[in-house]
């Protein structure tokens with residue numbers, strides 16, 4: 001008998017596939033992610049999710065589309081630091097290893 005899969009909406013599949021490639025997701029983890037995805041915030045293309053230096057109260061999980069982390073330089077040019085794809089967590093970083 002095969003594993004029972006929880007239903008995942010098509011637009012969630014890329015994010016869940018990426019997360020599953022990084023860490024095993026058991027049924028409880030999948031259920032928690034599906035529940036969390038029911039609280040989706042949508043942003044228009046090219047909109048700013050968070051201003052540089054502004055604290056983020058809770059991490060965000062990118063479910064669809066892509067985002068870029070940027071830095072505005074002193075002369076006004078924008079430098080792209082990182083691209084984020086579905087499955088990436090925005091606003092979370094691991095503490096440094098000792």
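Packing-based ranking of 71-78, 13-20 yields 13-20, 71-78, ordered from highest to lowest mean Cβ neighbour count within 10 Å.
Sequence gap at least 6, Cα distance under 8 Å: using those rules, report the relative contact order of region 10-98 to the nearest whole percent. Reported relative contact order: 34 percent.
Every number in this text was worked out from the coordinates using simple rules, so none of it is lab data. Note that the structure is a prediction, hence the values are computed from the model and not measured. As a convention, Cβ positions derive from the backbone with ideal geometry for all residues, glycine included, and neighbour counts pool all protein chains shown.
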